[in-house]
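First up is the structure itself, then whatever we jot down about it.
The values are calculated or read from the model by the stated rules, or taken from the named source; none is laboratory data. Note that the structure is predicted; figures quoted are calculated from it, not measured. Neighbour counts run over all protein chains shown; Cβ positions are idealised from the backbone, glycine included.
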Amino acid sequence: MGTPAKSESLSSVDRAISMLEALAESGSLTATQLARRLDTGKATAFRLARSLVARGWVVQDRDRSYRLGPGALTLAVHASATLDLRTQLLAVMHELHEATGETIHLTKLDGRHIVYLEQLMSPQPVLSVAMLGSKSPAHCVSPGLAQLACLPAAQLDWVLAGELERHTPATLTDPDALRQELANVRQRGYAVNRGAFRPEVGGVGIAVTDDRGLPVAGLSICMPVYRLDDKDIAALGALLQAVAAKAKQHLRDEAARPPLGPR
């Protein structure tokens, strides 16, 4: 059974989400109108709104009404971009999946980590599985290394200035050694991981880039290390390069497509 403090905290979160939903639906509302919509007191509505204003999720206009702020709009943009990536790159993921019979991951760089957006699991009895929405340190996994290798110098410097945590004996934690590995990735065109995050898991990964060469997403072929050792790594890398080129062209075509007008 939850404690009163925990229940109160969850109730506040629920009310805050309800407030954001009400503002999304109505555009702008006063504290009195919000209190009515949330079925709560005006003081509680005002306190919640003030907290959301402090975080940038809500803004207050001169007429004292509230509307969604830049924080909520930024989250919406990120969510939309993630859904677009999953939709637009699912076909090339299936191409990789059918060609290799291994687990295929779609990821996106998020600071010093990658986020798993989508996966197609291997039909083989021994496989690697990632929780969608979960994160892995970018310096430990092939799609992370591939995307780090595409970053501008200042952004890469920021990544390398942080803690490069060791997860296995194969993890690169020295910034100079990691810079050299990223140079190797740029030269090859793809990254290879042999148990640097989880000792039994490896993979080959590549960055899907935009026209500036910046990483938009990561694609990777993931499998147990013992199977990776039996693979032709160069052939997997060539396959990834061909598929990443298709993905880049597809994203370019989609970006150039005029929006649908009213019907």
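Here are the numbers for this structure:
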quantity	calculated
Verdict on Ala177 being of a type in the set (Gly, Ala, Ser), on the phi < 0 side of the Ramachandran plot and part of a helix (DSSP H, G or I)	yes
Residues located in the range 1-25, provided they are surrounded by 14 or more Cβ atoms within 10 Å (Cβ to Cβ) and either of a type in the set (D, E, K, R) or at pLDDT below 85 (or both)	Ser12, Arg15
Any chance His97 is closer than 29 Å to Glu165 by Cβ, at pLDDT 90 or above, assigned by TED's automatic domain parsing to the domain that holds Pro215 and in contact with a strand residue (DSSP E or B) (Cβ under 7 Å, 6 or more places away or on another chain)	no
Exclusive hit being touching a Lys or Arg at 6+ places or on another chain (Cβ under 8 Å) and among the small types (Gly, Ala, Ser), set Ala154, Ala99, Ala138	Ala138
Enumeration of residues in the range 48-58 that are surrounded by fewer than 18 Cβ atoms within 10 Å (Cβ to Cβ) and in contact with a helix residue (DSSP H, G or I) (Cβ under 9 Å, 6 or more places away or on another chain)	Ser51, Arg55, Gly56
Members of the range 97-128 found to be among the hydrophobic types (A, V, I, L, M, F, W, C) and over 21 Å from Leu85 (Cβ atoms), listed by number	Val126, Leu127
Test: Ala146 is in a helix (DSSP H, G or I) and in contact with a Pro (Cβ under 9 Å, 6 or more places away or on another chain)	yes
Single match in Leu85, Leu132 (criterion: assigned by TED's automatic domain parsing to the domain that holds Val192, more than 19 Å from Ala191 (Cα to Cα), outside any loop (DSSP other than H, G, I, E, B) and under 16 Å from the mean Cα position of the chain (by Cα))	Leu85
Test: residue in the range 36-52 that is touching a Lys or Arg at 6+ places or on another chain (Cβ under 8 Å), within 16 Å of Ser12 (Cα to Cα), of a type in the set (Ser, Thr, Tyr) and assigned to a helix (DSSP H, G or I)	yes
Close pairs from the range 119-130: first under 15 Å from Gly195 (Cα atoms), partner at pLDDT 90 or above and surrounded by fewer than 16 Cβ atoms within 10 Å (Cβ to Cβ), Cβ under 7 Å, at least 6 apart	Leu127/Met121; Val129/Met121
Residue check, Leu182 over 25 Å from Leu120 (Cβ atoms) and either not in a strand (DSSP E or B) or not assigned by TED's automatic domain parsing to the domain that holds Pro152 (or both)	yes
Sole exception among (1) free of Cβ contacts under 8 Å to residues at least 12 places away in the same chain; (2) surrounded by 17 or more Cβ atoms within 10 Å (Cβ to Cβ) for Leu172, by number	(1)
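Residue-wise test of (1) within 27 Å of Leu160 (Cα to Cα); (2) crowded, with 19+ Cβ neighbours inside 10 Å; (3) modelled with pLDDT of 90 or more; (4) outside the structural domain of Ser18 (by TED's automatic domain parsing).
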residue	(1), (2), (3), (4)
Thr103	no, yes, yes, yes
Met121	no, no, yes, yes
Val126	no, no, no, yes
His139	yes, yes, yes, yes
Ser142	yes, yes, yes, yes
